[in-house]
Amino acid sequence: MNTSLVIMAAGIGSRFGGGIKQLEPVGPNGEIIMDYSIHDAIKAGFNKIIFIIRKDIEDDFREVIGNRIEKICRELNVTMEYAFQALEDVPKGVSLPENRKKPWGTGQAVLSCKGLIKEPFAVINADDYYGKEAFYKIHEFLLSYTNSEPNKLCMAGFILKNTLSENGGVTRGICQVNEEDYLTNVVETHDIVKTDKGAAVNGNEIDVNSFVSMNMWGLTPEFIDILANGFVEFFQTIDGNEQKDEYLLPVLVGQLLQEDKVSVKVLKTSDEWFGVTYKEDKDYVIDSFKKLIAIGAYSENLFEDLLG
């Protein structure tokens, strides 16, 4: 069965202090976080890569990663495509707010792949390192897809304490999970900060052992239509908040769960997440990859084990 990896790389990166954080080198030969995700996904069995970017970063993106990864994909018989997220891509009849500059969030990002996706697919953030285990588990789950069960979804479940930044607040989808490891609710929670006791939001301590969504989802091709319908409904509910509101995957999934329209299996992963939310995170990420290479998780020439 064909399976796609969709990489959301259209983020503006305003908290990164300038530049395009998804393209910052963190590996010994200038690799970026996406390189490691692509490596792990292909090794797990994914055979199509879709980059979601913005037109204004296309030249930089192709120069830093796109052209190189396209060559690797050709050698490995993996398809590579681009989707473009844009502010103006809204449902028919919607008027754009005059001063808004950023696109409409992760839900719109994945919706930009409409027409490109005909197979079950995984979604990840470009600037997050998820570890090898999560890719294997999601790929295995996607292989069970049948079009008679289009609403059986999954997500990689990470532990909150393993996903915090030393350098400021982060946004995480706090998950509620039942005894059968199915997601029952997900609450998009902003400005979670690391504390001496664990973690807090607005000064209120929260359980650092909670499962969180890191936007690593396993979805079906039919989910694109759900996204399209949800995007229409989104614009029917944002009156007065057109400048800041976003159409977010975790929020939509939470709504679908409450309406009993989907099931989401939580695939527990023991790998440690890390990523670049703030510019100060970069040194930690570089050191983390050095350690992974030192223990043999990756070779210094990242793709040599796949290319032979």
*Going by the structure shown, is Ala122 under 16 Å from Ile7 (Cα atoms), touching a helix residue (DSSP H, G or I) at 6+ places or on another chain (Cβ under 7 Å) and at pLDDT below 95?*
no
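Kindly indicate whether any position in region 99-110 is charged (D, E, K, R), in contact with a Ser or Thr (Cβ under 9 Å, 6 or more places away or on another chain) and within 24 Å of Gly11 (Cα to Cα). Can you show your working first?
First, pick out the residues of region 99-110 that are charged (D, E, K, R): 100-102.
Now restrict to residues that are in contact with a Ser or Thr (Cβ under 9 Å, 6 or more places away or on another chain): 102.
Next cut, within 24 Å of Gly11 (Cα to Cα) only: 102.
Yes, that holds for at least one residue.
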*For Ser95, are the conditions met, namely being hydroxyl-bearing (Ser, Thr, Tyr) and within 30 Å of Gly240 (Cβ to Cβ)?*
yes
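Tell me which residues, restricted to region 141-155, are within 18 Å of the chain's Cα centre (by Cα) and either farther than 10 Å from Ser263 by Cα or not hydrophobic (A, V, I, L, M, F, W, C) (or both). Give the derivation first.
Residues of region 141-155 that are within 18 Å of the chain's Cα centre (by Cα), as a first pass: 141-142, 153-155.
Scanning region 141-155 gives Phe141, Leu142, Met155.
Which one of these is in a loop (DSSP other than H, G, I, E, B), basic (Lys, Arg) and either farther than 22 Å from Gly173 by Cβ or modelled with pLDDT under 90 (or both): Lys244, Lys290, Lys261, Lys282?
On the way: Lys290 fails: in a loop (DSSP other than H, G, I, E, B); Lys261 fails: either farther than 22 Å from Gly173 by Cβ or modelled with pLDDT under 90 (or both); Lys282 fails: in a loop (DSSP other than H, G, I, E, B).
Checking each option against the conditions leaves just Lys244.
Could you count how many residues in region 163-191 are part of a loop (DSSP other than H, G, I, E, B) and touching a residue at least 60 places away in the same chain (Cβ under 8 Å)? Break it down into steps so the answer makes sense when it comes.
Filtering region 163-191 for residues part of a loop (DSSP other than H, G, I, E, B) gives 163-169, 178-181.
If we keep only those that are touching a residue at least 60 places away in the same chain (Cβ under 8 Å) as well, we get 163, 165-168, 181.
Qualifying residue count, region 163-191: 6.
Determine, yes or no, whether Ile42 is surrounded by 15 or more Cβ atoms within 10 Å (Cβ to Cβ), more than 18 Å from Leu116 (Cα to Cα), out of contact with any His (no Cβ under 8 Å at 6 or more places or on another chain) and among the aliphatic types (A, V, I, L, M). Break it down stepwise before answering.
Working: surrounded by 15 or more Cβ atoms within 10 Å (Cβ to Cβ): yes; more than 18 Å from Leu116 (Cα to Cα): yes; out of contact with any His (no Cβ under 8 Å at 6 or more places or on another chain): yes; among the aliphatic types (A, V, I, L, M): yes.
Considered against the rule, which asks whether it is surrounded by 15 or more Cβ atoms within 10 Å (Cβ to Cβ), more than 18 Å from Leu116 (Cα to Cα), out of contact with any His (no Cβ under 8 Å at 6 or more places or on another chain) and among the aliphatic types (A, V, I, L, M), Ile42 comes out as yes.
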*Among residues belonging to region 152-171 that are touching a Leu at 6+ places or on another chain (Cβ under 8 Å) and under 12 Å from Gly218 (Cα atoms), point out the one that is surrounded by the most Cβ atoms within 10 Å (Cβ to Cβ).*
Met155
*Give the residue, chosen from Leu87, Leu96, Leu76, that is farther than 20 Å from Asp56 by Cα and out of contact with any strand residue (DSSP E or B) (no Cβ under 9 Å at 6 or more places or on another chain).*
Leu76
*Could you list all residues from region 112-141 that are crowded, with 24+ Cβ neighbours inside 10 Å and among the aliphatic types (A, V, I, L, M)?*
Ala122, Val123, Ile124, Ala126, Ala134, Ile138
*Tell me which residues, restricted to region 1-27, are touching a helix residue (DSSP H, G or I) at 6+ places or on another chain (Cβ under 7 Å) and modelled with pLDDT of 80 or more.*
Thr3, Leu5, Val6, Ile7, Met8, Ala9, Ala10, Glu24, Val26, Gly27
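The values are calculated or read from the model by the stated rules, or taken from the named source; none is laboratory data. Computed from a prediction, not measured in an experiment: that's the story for all the values here. Note: ideal-geometry Cβ built from the backbone for every residue, glycine included; neighbour counts use all protein chains shown.
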